[in-house]
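The values are calculated or read from the model by the stated rules, or taken from the named source; none is laboratory data. Keep in mind it's a predicted model, so treat the numbers as computed, not measured. Please note: Cβ atoms are built from the backbone with ideal geometry, for glycine as well, and neighbour counts cover all protein chains shown.
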Amino acid sequence: MFKFDLEKYRSAIRGGLGLILISLVLIYVYRDDIFQTIQDPGQPFQTYTPPQAPDYTSMESWLAQPDLGVDPFALTAKGDVFVVVPSVYRGGSHWNLPSDDLKRKNKLQRIVRPNYVSPYGEAGRLFAPYYRQASLYAFMTNREDAQQAQDFAYQDVKRAFQQFIKQSPPERPIVLVGHNQGASHVQRLLADFFQGDLKQRLAVAYVIDHPLPLDAFNGELSRLSSCETRDKTQCVVAFGSFTSKDKVIAKRFAEKSLVYNGRIYEAVANRPTLCINPLLWTQSEDYAPDRLHLGGVAAEGLDPDMQPAPLRNQTGVQCQDGLLYVDTPRSKSLRRPLKVGGKFRTLPSNLFYEDLKQDAKRRVETLLNAQVLPERAGALLDDFEVQDVQNSPVTLPKID
């Protein structure tokens with residue numbers, strides 16, 4: 001006859017609960033490694049069928065594009081801004097984001113546009129292309145096919161930029177912006193397009209949350225320099241920001257992040273990187289207190305014409321060894337969410353929204369005031385005095 005053993009039953013339950021607890025602890029500790037593993041597309045890039053290419057002559061291929069039928073010189077904003085948006089696609093099914101992925105397009109519209117594109121609207125007309133961005137997984141490994149996925153994404157960005165240049169008159173300053181993955185592509189745009197005459201139009205380039213090695217200014221970016229003061233133009237601002245708790249991600253940023261050296265992608269490998277303090281706008285390692293912070297924004301689903309109210313005095317910051325260390329923001333909405341893969345995800349907020357907004361506007365105005373750009377033909381004509389010509393009788397010579 002079966003006899004129920006209560007003690008054995010309790011022991012089994014305790015053992016099972018202990019096993020579950022251990023499993024949960026391991027999942028938490030290795031959550032980012034697990035996240036990385038499940039994002040692997042599972043096939044080499046060489047055999048991958050890429051998504052359909054965007055058509056940058058169509059407005060549907062742009063997250064942000066001004067009304068090209070409006071005279072740009074009639075607008076208050078005097079520059080043109082090209083923004084390369086950050087990563088929103090984790091991976092798993094594709095190496096690169098499909099052009100018809102409505103879920104990610106919605107995320108770009110709801111979260112990325114108000115936080116990472118809109119800040120620059122007062123500096124100039126906004127152009128931000130959709131592109132077949134490389135999956136987050138492509139930035140978690142140095143595999144050759146991951147590098148090919150990054151290069152593939154850049155080719156879209158390059159084609160979009162070429163279309164942008166066709167729409168941007170030579171009299172207008174250019175602001176170039178890249179956040180996260182977008183910053184990697186902006187570095188290549190700087191190397192490919194701004195080592196010649198176009199440099200004259202560059203008010204500022206922002207390379208944010210992706211490392212920019214200082215030795216690039218002796219190589220592929222030799223015609224450019226860092227923005228060492230708040231009034232300098234034709235220069236580059238770069239920083240990657242971390243709190244004191246972000247030691248693992250900061251180490252990964254400084255060691256394993258891939259940067260393009262003009263030929264190939266290679267690990268940054270602890271090379272010195274550029275850090276411009278976004279509260280002081282210098283390379284100084286001085287601490288900038290939170291009273292200098294103009295404001296961060298955590299916006300979602302705003303109409304493109306709406307301006308969110310910035311949260312001021314949220315953080316103090318300091319550049320140390322090429323990295324920007326930030327005090328934990330007072331508002332939880334500006335902190336990194338605690339979730340699986342959180343170290344790799346684009347934040348649903350922009351801690352330096354207002355600081356970047358004012359800086360871009362100031363540098364555009366500074367470049368215009370320097371009068372190094374060509375003046376619009378229409379403006380030149382305005383300088384001439386126009387006189388009315390009156391009809392008068394014509395007396396022909398008398399012929400004998």
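Any chance the range 278-291 includes a residue that's of a type outside the set (K, R), under 17 Å from the mean Cα position of the chain (by Cα), surrounded by 21 or more Cβ atoms within 10 Å (Cβ to Cβ) and under 26 Å from Q358 (Cβ atoms)?
Going residue by residue through the range 278-291, those that are of a type outside the set (K, R) are 278-290.
Adding the requirement that they be under 17 Å from the mean Cα position of the chain (by Cα) leaves 278.
Then keep just the ones that are surrounded by 21 or more Cβ atoms within 10 Å (Cβ to Cβ); that gives 278.
This time we only want the ones that are under 26 Å from Q358 (Cβ atoms), so: 278.
Yes, the range 278-291 has at least one match.
Does the range 54-64 contain any residue that is crowded, with 21+ Cβ neighbours inside 10 Å, under 24 Å from R125 (Cα atoms) and among the hydroxyl-bearing types (S, T, Y)?
Yes, there is a match, as at least one residue in the range 54-64 is crowded, with 21+ Cβ neighbours inside 10 Å, under 24 Å from R125 (Cα atoms) and among the hydroxyl-bearing types (S, T, Y).
Given the criteria modelled with pLDDT under 95 and assigned to a loop (DSSP other than H, G, I, E, B), does S222 qualify?
Numbers: modelled with pLDDT under 95: no; assigned to a loop (DSSP other than H, G, I, E, B): yes.
So S222 fails the test.
Tally the residues that are part of a helix (DSSP H, G or I) and either charged (D, E, K, R) or crowded, with 19+ Cβ neighbours inside 10 Å (or both), restricting the search to the range 234-253. Even if it seems obvious, please write down each step before you answer.
Taking the range 234-253 as the starting set, the residues that turn out to be part of a helix (DSSP H, G or I) are 247-253.
Narrowing further to those that are either charged (D, E, K, R) or crowded, with 19+ Cβ neighbours inside 10 Å (or both): 247, 250-253.
So the count comes out to 5.
Just one of V237, V268, V297 is more than 28 Å from D151 (Cβ to Cβ), touching a helix residue (DSSP H, G or I) at 6+ places or on another chain (Cβ under 8 Å) and β-branched (V, I, T); which is it? Please lay out each step first, then the result.
Working: V237 fails: more than 28 Å from D151 (Cβ to Cβ); V268 fails: more than 28 Å from D151 (Cβ to Cβ).
Residue meeting the stated conditions: V297.
In the list A191, A138, A153, which residue meets the criterion of being buried (at least 22 other Cβ atoms within 10 Å of the Cβ) and modelled with pLDDT of 95 or more?
Details: A191 fails: buried (at least 22 other Cβ atoms within 10 Å of the Cβ); A138 fails: modelled with pLDDT of 95 or more.
Within the list A191, A138, A153, the selection yields A153.
Looking at the range 91-101, can you tell me whether even one residue there is in contact with a Leu (Cβ under 9 Å, 6 or more places away or on another chain), part of a strand (DSSP E or B) and modelled with pLDDT of 80 or more?
Narrowing the range 91-101 to residues in contact with a Leu (Cβ under 9 Å, 6 or more places away or on another chain): 91.
Narrowing further to those that are part of a strand (DSSP E or B): none.
No - not one qualifying residue is present in the range 91-101.
Condition (residue is free of Cβ contacts under 8 Å to residues at least 40 places away in the same chain and surrounded by fewer than 24 Cβ atoms within 10 Å (Cβ to Cβ)) applied to the range 87-99: is it met by at least one residue? Reasoning before the result, please.
Looking only at the range 87-99, we keep the residues that are free of Cβ contacts under 8 Å to residues at least 40 places away in the same chain, and these are none.
Scanning the range 87-99, I find no residue that is free of Cβ contacts under 8 Å to residues at least 40 places away in the same chain and surrounded by fewer than 24 Cβ atoms within 10 Å (Cβ to Cβ), so the answer is no.
Can you say whether P348 is under 24 Å from L176 (Cβ atoms), modelled with pLDDT under 95, over 22 Å from the mean Cα position of the chain (by Cα) and not β-branched (V, I, T), as far as the supplied structure shows?
Values: under 24 Å from L176 (Cβ atoms): yes; modelled with pLDDT under 95: yes; over 22 Å from the mean Cα position of the chain (by Cα): no; not β-branched (V, I, T): yes.
No; evaluated as a whole, the condition is false for this residue.
State all residues of the range 111-141 that are in contact with a His (Cβ under 7 Å, 6 or more places away or on another chain) and under 25 Å from L68 (Cα atoms); if no residue qualifies, say none. If you could, list the steps in order and put the result at the bottom.
Of the range 111-141, the ones in contact with a His (Cβ under 7 Å, 6 or more places away or on another chain) are 116, 135.
Y116, the sole residue that qualifies.
Identify, please: which residue in the range 133-151 is within 15 Å of G182 (Cβ to Cβ) and assigned to a loop (DSSP other than H, G, I, E, B) and is, among those, farthest from the chain's Cα centre (by Cα)?
It comes out as S135.
Output the number of residues of the range 41-53 satisfying the condition of being more than 17 Å from R159 (Cα to Cα) and either touching a residue at least 24 places away in the same chain (Cβ under 8 Å) or surrounded by 12 or more Cβ atoms within 10 Å (Cβ to Cβ) (or both). Even if it seems obvious, please write down each step before you answer.
Taking the range 41-53 as the starting set, the residues that turn out to be more than 17 Å from R159 (Cα to Cα) are 41-49.
Applying the additional criterion that residues be either touching a residue at least 24 places away in the same chain (Cβ under 8 Å) or surrounded by 12 or more Cβ atoms within 10 Å (Cβ to Cβ) (or both) yields 41, 43-46, 48.
Residues in the range 41-53 being more than 17 Å from R159 (Cα to Cα) and either touching a residue at least 24 places away in the same chain (Cβ under 8 Å) or surrounded by 12 or more Cβ atoms within 10 Å (Cβ to Cβ) (or both): 6 in total.
Of the conditions (1) more than 30 Å from P41 (Cα to Cα); (2) not in a helix (DSSP H, G or I), Q200 fails just one. Which one is it?
Only one criterion is unmet by Q200, namely (2).
Looking for whichever is under 27 Å from I264 (Cβ atoms) and surrounded by fewer than 17 Cβ atoms within 10 Å (Cβ to Cβ) here; the options are D215, D209, D231. Which one fits? Walk me through how you get there before you give the answer.
Details: D209 fails: surrounded by fewer than 17 Cβ atoms within 10 Å (Cβ to Cβ); D231 fails: under 27 Å from I264 (Cβ atoms).
Step by step, each of D215, D209, D231 is checked, and only D215 is under 27 Å from I264 (Cβ atoms) and surrounded by fewer than 17 Cβ atoms within 10 Å (Cβ to Cβ).
For the range 77-85, check the following and say yes or no: at least one residue is in contact (Cβ under 8 Å) with a residue 12 or more places away in the chain, surrounded by fewer than 24 Cβ atoms within 10 Å (Cβ to Cβ) and out of contact with any Pro (no Cβ under 8 Å at 6 or more places or on another chain). It would help to see each step written out before you state the result.
Narrowing the range 77-85 to residues in contact (Cβ under 8 Å) with a residue 12 or more places away in the chain: 77-85.
Subsequent filtering for residues that are surrounded by fewer than 24 Cβ atoms within 10 Å (Cβ to Cβ) retains 77-78.
Next cut, out of contact with any Pro (no Cβ under 8 Å at 6 or more places or on another chain) only: 77.
Scanning the range 77-85 turns up at least one residue that is in contact (Cβ under 8 Å) with a residue 12 or more places away in the chain, surrounded by fewer than 24 Cβ atoms within 10 Å (Cβ to Cβ) and out of contact with any Pro (no Cβ under 8 Å at 6 or more places or on another chain).
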